[in-house]
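The structure under discussion appears below in the form of structure tokens.
The values are calculated or read from the model by the stated rules, or taken from the named source; none is laboratory data. Treat the numbers as computed from the prediction; the structure is a model and nothing was measured. Backbone-built Cβ (ideal geometry, glycine too); neighbour counts: all protein chains shown. The protein model used for the area step is the full one, side chains on, heavy atoms only, and it has no ligands, DNA or RNA in it. Shrake-Rupley method; radii C 1.70, N 1.55, O 1.52, S 1.80 Å.
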Amino acid sequence: MLSLRDIAAWQFPQLAQGMKNDRPPIVAAIPSLQRGAVWKPQQVELLWDSILRGFPIGALVVSKVLKNQQSHPGKHGTGWGDGISHHLLDGQQRCNAIALGFQDPFDNTDSAPHTALWLDIAPEGHFAHNSSRAFLLRLCTTAHPWGYGTQDTLEKLSAHQVREALRDDYDWKQQPQDDDYQRPRPKDTWPHKAGVPVPLAWLLQGAASPDLWGHLRQRLTRQFPINTLHSRHWARKAWNFLQPAIDGSLHDLAQALRATAHVRVVALTVPPEALSRPTRQETQQHDQPPLGEQRIANVEHLFQRLNAGGTELRGDELLYSMIKAYWPGIETTIDLLPRRPPATQVALLGTRVALTDAAQDKPRGPLGISQLRAIAPYAPMQAATQDAQELQRQGEELRIQHMFALHANAAPGAAEIARILTTVDGWLLYDAHANPWGLPPVLRSRMAEQCPEMFYFLMLLARASLQQQMAARHEKAVRRRLLGLATAVHWFGGDAPAAVRKLWEMKPLAQWLTPQSFDGVLAQLKDLGDGRSGIIDLRSPRGLAKIVEVPQASTLQDWNWWNTLIVAPAQGDADKQAERHERYWPLLEKLPYCEPLLMYCQRRWMAQRFGDYDRHLDNGYWDDHNRPWDFDHILPQKMFSDVRSAKYLRVCQQWGYTIGNLHILRFEENRSRQDSPATESIADAHLDMAWLRDGDKDLRPAFSISREDVRGGTDEQRNKVLGFVRAACTRMLRLYEEWYTQLDIERML
């Protein structure tokens, strides 16, 4: 039986002071095979709500330290190094959440914690109307330092509420529109949607005191002397709230806080014999099952079944967990990489690259569960009994060890995977001087996640380039064309695995390191036979401009993509209509809504505003909905949505939702424009980076039409709408042209 403080001390050893031998009854750490943290902020908040209400929170499952697994502290703390006694097999997310409750955001031993957990001591009026909570816990994170809404489900604050918090709560001097703006850290903020929030750790520290609220007042004045309380809006509110004599309104809260000291969590220990029995998989694959106290197959099977009742592991995450189980230490190598795509993809694609022989007739396919188990590291058999299959398995195992520097005395930072990814990053990532045509880091990571086959091919080429140095005179041209090929397959691709197989067949890997090898490559990927296409039918910017017919005054009211592009030119000929659909429609389904293309064209703006942001290298609470930017409608969405009896509503909506009417703003900055026209809300200095200049022409006036113009009725209003549509079309075509010309797509077509 473990107390909450016992569990928190696994990550924060200073909490063990005063315990017997200054350590908890057991000290558990995370074994290699465990997944990363996956809980969302509201799950942390609801767990602590359950704890304060006296609800059971389930048992943990531990084992004696697994000898073939590395140990890692939890998500938030430093851990005990070599002083651990157990491995935590089930309950990692609950233990992380418990530890958060004891983490003091103002403890000087951690100058910039990624998270801060607060408890609202005066929550009335701040609960969501349908909330099941009894206590209002609030988690602030690096991604959302102002906290979330109060629903039981994840509710992101609006941009207006965020700006309100920055201005009124935190008195944050930097403005979101400033070029040097930085989000505040969690220790600089507090939850916006709360009455009187106080760090939960402070309350837990004082729970044993007979005068809990007096203890809290002392903690406030110790952290913030009376003359500085005004600098912390939350601290001033808490001080003022606690000054009158404490009445019964806080009695229940005090009782709940004191009761946490008596909460006990059961830790179930897996008996050693459960992990030492031979497994059927080992017996079938080996005449002599490996010897040892623990069999990793047992550990892997146990872990999968334990986690089936929680947040289920599937797909790539399950495979990554298996790789960590069989090759412990691989995550250490990955974590030491200075910049990288998602860890899951680094492991899976790196393993595939390690097992790929450049001389084989086709690329290695994605790995499955049975394949991983077949090459898992077991104790080697006697040389006399080693057959060809076993020798092959051992060779594959050695390749993986070399790729991730898992062999004895290897330095993780010198792993082959590090050199490969550094090479790929040199090809792909934006640098104002060395690689001005490159991608923002987040687009590189999206490629690894969403188009892993193409990223796998790039990794193979990177390995080949390390073995056969690319000629310096070719480097610039090859980098641009590789990036063009990769983005074309990712953004405008059809069957990416088939496209990579075709690239593999076209020429040996090393030949792709010369510029002329890319001549016509995209044309060859269009038709792969059997009705398969590796890429849609791309057009030159001039050819595309002929296809995308801009509305005329006479067609403006009834204009739509399908009729203009497919139906009208066919003139009732069904065969011709089908032919035009096959040729043109795939591109027009993708291009107008291709947000990665917009991000690429605004790469200099993203580098200036968002630096090296890549959600996979940030705190675990980053997620897509927490990205630090928004896609802002240049012509505000309100101008073409819910406009009653609007003559030009349909055409404005069709162009208003394309990338021609989007640009990138900080999340906090977006919607601050409200209904302000572009002429008033987009600065002259930002015209070029927002792609709102066509030659010498300022496009902002065209994006500044009103709702009355959309309603129509006069020639002047019709002409304003026509001007907006033409400007959006011009901007979309210019975005496409930027990608097309920068990355030498013409040569590859």
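For region 15-145, the dipole from Cβ point charges (+1 on Lys and Arg, -1 on Asp and Glu) about the Cα centre works out to 480 debye, to the nearest 20. When peptides 176-187, 643-654 are ranked by their average number of other Cβ atoms within 10 Å per residue, the highest-first order is 643-654, 176-187. Label reach from Gln223 (point 7 Å along Cα→C-beta): in region 158-194, amide nitrogens under 12 Å belong to 187-191. Candidate cross-link partners of Lys526 among the aspartates and glutamates, defined by an alpha-carbon separation under 13 Å and a same-chain spacing of 8 or more, comprise Asp495, Asp537, Glu582. Amide H to amide H, with H built 1.01 Å from N, Leu528 comes under 5 Å of Ser533, Gly534, counting only residues 5 or more places away or on other chains. Taking 0.36 nm per residue of separation and subtracting the Cα-Cα distance, full extension of the segment from Ala574 to Ala685 would add 34.9 nm. Solvent-accessible surface (1.4 Å probe) assigned to Leu2 amounts to roughly 10 Å². The residues of the chain present an accessible area of 43 Å² per residue when probed at 1.4 Å with all protein chains retained. Screening the chain for whole DSSP H helices with an alpha carbon extent of at least 20 angstrom along the helix axis and a mean Kyte-Doolittle hydropathy of at least -0.5 yields 452-467, 472-492.
Helical content alone sets the calculated 222 nm signal of the chain at -12500 deg cm²/dmol, taking -39,500 (n - 2.57) per DSSP H segment of four or more residues and averaging over every residue.
The distance from the alpha carbon centre of region 538-610 to that of region 704-749 is 11 Å, rounded to a whole number. Paramagnetic label reach from His262 (point 7 Å along Cα→Cβ; backbone nitrogen cut-off under 18 Å): within region 6-29, residues 6. The residues Met506, Met599, sorted by heavy-atom accessible surface at 1.4 Å with ligands and nucleic acids left out, run Met506, Met599 from largest to smallest. For the chain, what is the relative contact order in percent, using Cα pairs closer than 8 Å and at least 6 residues apart in sequence? That works out to 12 percent.
Which is the longest stretch in the chain that no exposed loop site breaks, taking sites as GluC sites (Glu not before Pro) with a DSSP loop state and at most 12 other Cβ atoms within 10 Å? Free of exposed loop sites, the longest segment is 313-749.
Can you spot the lysines whose alpha carbon is less than 23 Å from Lys64's alpha carbon? Ignore those fewer than 8 places along the same chain. Straight-line reach from Lys64, under 23 Å: Lys20, Lys75, Lys324.
Here the contact order of region 77-219, divided by its residue count and restricted to Cα pairs under 8 Å and six or more residues apart, works out to 28 percent. Entry note, region 35-158: relative contact order of 26 percent, from Cα contacts under 8 Å with a spacing of 6+ residues. Accessible area ranking (1.4 Å probe, heavy atoms, ligands and nucleic acids excluded), largest first, for Thr332, Thr344: Thr332, Thr344.
Surface calculation, 1.4 Å probe, protein heavy atoms: Trp80 sits at approximately 60 Å² accessible.
Partners of Lys546 within straight-line reach, counting aspartates and glutamates whose Cα lies under 14 Å from its Cα and excluding those fewer than 8 residues away in the same chain: Glu737.
Taken along the Cα-to-beta-carbon direction at a fixed 7 Å, the label points for Leu306 and Asp211 span 4.6 nm.
Surface composition of the chain: carbon plus sulfur atoms contribute 48% of the solvent-accessible area (1.4 Å probe, protein chains only, all chains present).
Here the label points at Glu582 and Thr422, each 7 Å from Cα along the C-beta direction, are separated by 5.0 nm in the simple model. Put Thr658, Thr228 in order of accessible area, highest first, and with a 1.4 Å probe you get Thr228, Thr658. Net charge dipole, region 115-256: roughly 300 debye, given to the nearest 20, about the Cα centre with Cβ charges of +1 for Lys and Arg and -1 for Asp and Glu. Would you grab the residues whose amide H sits under 5 Å from the one on Leu429? Only those 5+ places off in sequence or on another chain, please, with H modelled 1.01 Å from N. The answer is Leu439. For Ile664, the amide hydrogen comes within under 5 Å of the amide hydrogens of Asp632, counting only partners 5 or more places away or on other chains and with H modelled in the peptide plane.
Remark: spin-label model distance Asn563-Glu505 equals 4.4 nm, labels positioned 7 Å along the Cα→Cβ axis. Only the Cβ atoms of Lys and Arg (+1) and of Asp and Glu (-1) were treated as charged; on that basis the dipole of the chain about its Cα centre amounts to roughly 280 debye.
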